[in-house]
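The values are calculated or read from the model by the stated rules, or taken from the named source; none is laboratory data. These numbers come from a predicted model, not from an experiment. Cβ placement follows ideal geometry from the backbone for every residue including glycine, while neighbour counts extend to all protein chains displayed. Calculation scope for accessible area: heavy atoms of the full protein, side chains included, ligands and nucleic acids excluded. Shrake-Rupley method; radii C 1.70, N 1.55, O 1.52, S 1.80 Å.
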Amino acid sequence: VRQRLDAKGKKRFLMFGEVFDGRDDLVGSFTKTDVPPQDQLDYENQCVTDGKPLNGDQLDSVFYFPQHFQAIRDVFQQGQSTQRIQDLWAQRPMNYGTGIPELGIGVPPADVPINFIDNHDVPRFLNGGSVPQLHNALTFVYTAQGIPCLYYGTEQEFRGGNDPANREDLWPTEFETNGATFQHIKKLAKVRRDSAALRKGGLNVVWASDRSADEEDAGIFAFERFGGDAGDDYVLVILNANPNKASAPAFMGMGPTLSAADGTQLEDMLGSGRQVSVSGGSITISPPL
């Protein structure tokens, strides 16, 4: 449960659940308004103490386990094609609730998946993945549509395997804050805080590839965040999940088609100082990426 204030200063609580399963239709079904039979609903309403009866639309979101398996594990840890992410995301409007829960945060569940890398049910990312791959996955969950959820110890680069090995003690680390992963998370948190597009914008995938070997775009995944309640803020996210080579969002002379106007100057929000200009509705980015 997470509390937030709406535009009128009224308290809102994000209620999300956990369905430990990789089937997107099953996980998403728990965010839809699906009223049970009346006798079961009457039974469950016996627990109500505030006079507001349950009506089947109480859940705002769920842990995005299908994304954990198909994107975090398969793509960012194992280097499979990024087309898997686009295919998964394309199913969300069908598999997740698109209505706004009456008592929730005022956002459709399909727009607020709980994006996570690992948790107490699965091995740590670094139990098989590298630190650069972890940083890539962290950038993904902090910029994708939804709510990033960070499991304790990720910032300390814990490497535990299956439960209970993934429940390492934190205090022996003395809560170190100078490590590369802690600092990367700190930077991502600030970027997200400062960007209305990353917090409240819509989503548009502009590049996904079914290639994962030595092709020029192998491992590239790119998406835009803008619109919705983001005002004029615009963010383009480009990730290279290929662990073996530099890649770029281009293939056979074609680049991504962007929503940003020609002449828009884009600057790396993570601090490299790299800039690129939108021209002809697209951009040209050369490796390394």
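Okay, here's what the table says:
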| read-out | value |
| --- | --- |
| Residue that is nearest to Asn55 (Cα to Cα), among those in the stretch 92-107 that are modelled with pLDDT of 95 or more and surrounded by 14 or more Cβ atoms within 10 Å (Cβ to Cβ) | Tyr96 |
| The lone exception for Gly263 - which of (1) closer than 22 Å to Ala196 by Cβ; (2) in contact (Cβ under 8 Å) with a residue 12 or more places away in the chain; (3) surrounded by fewer than 17 Cβ atoms within 10 Å (Cβ to Cβ); (4) within 22 Å of the chain's Cα centre (by Cα) it fails | (4) |
| Unmet criterion (only one of (1) touching a residue at least 40 places away in the same chain (Cβ under 8 Å); (2) buried (at least 20 other Cβ atoms within 10 Å of the Cβ)) for Glu155 | (1) |
| Condition check for Ile185: aliphatic (A, V, I, L, M), in contact (Cβ under 8 Å) with a residue 24 or more places away in the chain, more than 30 Å from Thr33 (Cα to Cα) and touching an Asp or Glu at 6+ places or on another chain (Cβ under 7 Å) | yes |
| Single residue of Asp57, Asp34 found to be assigned to a loop (DSSP other than H, G, I, E, B), over 30 Å from Gly219 (Cα atoms), open to solvent by less than 40 Å² (accessible area, probe 1.4 Å) and at pLDDT below 95 | Asp57 |
| Complete set of residues in the stretch 200-238 that are open to solvent by 60 Å² or more (accessible area, probe 1.4 Å) and charged (D, E, K, R) | Lys200, Asp210, Asp214, Glu216, Asp229, Asp232 |
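Yes/no matrix, rows are residues, columns are (1) open to solvent by 30 Å² or more (accessible area, probe 1.4 Å); (2) assigned to a helix (DSSP H, G or I); (3) of a type in the set (Lys, Arg); (4) touching a Leu at 6+ places or on another chain (Cβ under 9 Å):
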position	(1), (2), (3), (4)
Thr181	no, yes, no, yes
His184	yes, yes, no, yes
Leu198	no, yes, no, no
Thr257	yes, no, no, no
Gly271	yes, no, no, no
